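Heads up, the thing below is written out as C-alpha cells.
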Amino acid sequence: MDDDAPIDPARLLQKAPGEDRVTVLLAAFEGWNDAGESASDALKYLHKLWGAKRVAVIEPDEYYDFQFTRPEIKLTNDGGRKVKWPVTKIAKASIPDSDIDVVLVHGVEPSYRWRAYTAELLAKAAELRVNYVVLVGALLADVPHSRPIPVTATCDDDELAERLKLESSQYEGPIGIVGVLNEVALLAGLPTISLWAAVPHYVAQAPSPKAELALLNRIEDFLHVPLSTQELADDAQAWERGVNDLAAGDPEIAAYVQQLEEAKDTAELPEASGESIAQEFERYLRRRGREQP
C-alpha cells in the first residue's frame, strides 16, 4: 500500500495515529451461528491462505459441556493417540503486500459463562493490539440456492456505520455467541462489523461453498485486499449444479425453489444489482493488480 495515498473514507481499516500497521480480528464459531459451516470454513480458508500461526488459545474447561461438545481422539504422526479438546484457536498473520495484520479466532460456541468467555477473548485481542473486529456468521433462510447468496453487513458503531454507509442491526430475539461478542467488543471501544450469510434452509448440510465464497467476497470488500478464491468458486458452481440435480428429481422441491426464485427476482432492485456488479468489478481489478509483475 502507498502510505502517501489519500485515505478513502469508505474503507473499513484506517491506521491509528503513529501506527504503521492496522490489526483486524476476524471471528467465527461453529454451532448455532454457523449454518452449513460456511462461516467457520471461511475462517479456515483465510487461515490457510495467509499462513496464519497460532499465538494463543482459550482453554475449554470452564466454558464447555463435554457431553455436548465432546473431545475427540486423534492419531499422531508417530502412531500414538492424543485427545483433541475443543479449544478456541487464536492465530495471527500478515496479509502479503499490505499493511494489515489479521487475528483469526475460531472455536465452537461455548456452553457456559459467555460473559467471562468474551472478556477473556477481548483481553487477548488487546494484547494483540486489535483495532477492528469483523464477526462472521451464517443463518438458515428462505433463499434460493440458484441466486447470489445474500450477505448482510451491519454495524452498531455510529462513526463506522456512517463512514461505510451501513445500517445498525434491527434484529430482536435469541442470539448466539457472535451477537454477545458484538456487544462486548463495542463496549470495549472496538469498531465492529457483523457479516451474516443466508444459507438456503433446504440444503443446510455442510459444506456450503457458495455461502462461504459469498462471505469471503464481503471480507475482501471490507479489507480491500485480493483473495485467491477460484478453486472455491469452482466448488460453489459444482455445489449449485448438484442441488439443481436434486431439485429436478423432486417436483415439490423444484416448485418451491421456483417460488423462492420468483420472490427473490421480484424483490431485487435494479440499483442493488448495479451495486453487485460494481463490487465484483472492484474485486476483479484488485486481483488483476496482484497478478501484475
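The values are calculated or read from the model by the stated rules, or taken from the named source; none is laboratory data. Model, not experiment: these values are computed from the prediction. Counting neighbours? That spans all protein chains shown, and the Cβs are built from the backbone with ideal geometry, glycine included.
Just one of the numbered conditions (1) at pLDDT 90 or above; (2) in a helix (DSSP H, G or I); (3) under 30 Å from SER98 (Cα atoms); (4) not small (Gly, Ala, Ser) is not true of LEU227: (2).
Can you tell me which residues in region 90-126 are more than 18 Å from GLU183 (Cα to Cα) and basic (Lys, Arg)? Hit for region 90-126 is LYS92, nothing else. The single condition among (1) crowded, with 18+ Cβ neighbours inside 10 Å; (2) not in a loop (DSSP other than H, G, I, E, B) that VAL180 does not meet is (1).
On inspection, ILE219 qualifies as modelled with pLDDT of 95 or more and among the β-branched types (Val, Ile, Thr). Within region 197-216, the set of residues being crowded, with 24+ Cβ neighbours inside 10 Å and either of a type in the set (Val, Ile, Thr) or within 17 Å of LEU166 (Cα to Cα) (or both) comprises ALA197, VAL199, LEU215. Suppose we filter region 183-206 for residues that are in contact with a strand residue (DSSP E or B) (Cβ under 6 Å, 6 or more places away or on another chain), within 22 Å of GLU37 (Cα to Cα) and assigned to a loop (DSSP other than H, G, I, E, B); how many remain? Qualifying residue count, region 183-206: 1. TYR171 falls short on exactly one of the conditions (1) without any contact (Cβ under 8 Å) to a residue 12 or more places away in the chain; (2) of a type in the set (Ser, Thr, Tyr); (3) under 22 Å from VAL55 (Cα atoms), and that condition is (3).
Scanning region 185-196 for residues that are surrounded by 19 or more Cβ atoms within 10 Å (Cβ to Cβ) and touching a Ser or Thr at 6+ places or on another chain (Cβ under 6 Å), we see that the one that is farthest from ARG115 (Cα to Cα) is TRP196. If the condition is being of a type in the set (Val, Ile, Thr) and either out of contact with any Leu (no Cβ under 6 Å at 6 or more places or on another chain) or within 14 Å of ASN33 (Cβ to Cβ) (or both), then region 103-133 contributes VAL105, VAL108, THR118. When GLN279, GLN237 are checked against the criterion of being part of a helix (DSSP H, G or I) and either farther than 22 Å from LYS165 by Cα or at pLDDT 90 or above (or both), GLN237 stands alone in meeting it. Scanning region 248-262 for residues that are in a helix (DSSP H, G or I) and either free of Cβ contacts under 8 Å to residues at least 12 places away in the same chain or of a type in the set (Lys, Arg) (or both) gives ALA248, PRO251, GLU252, ALA254, ALA255, GLN258, GLN259, GLU262.
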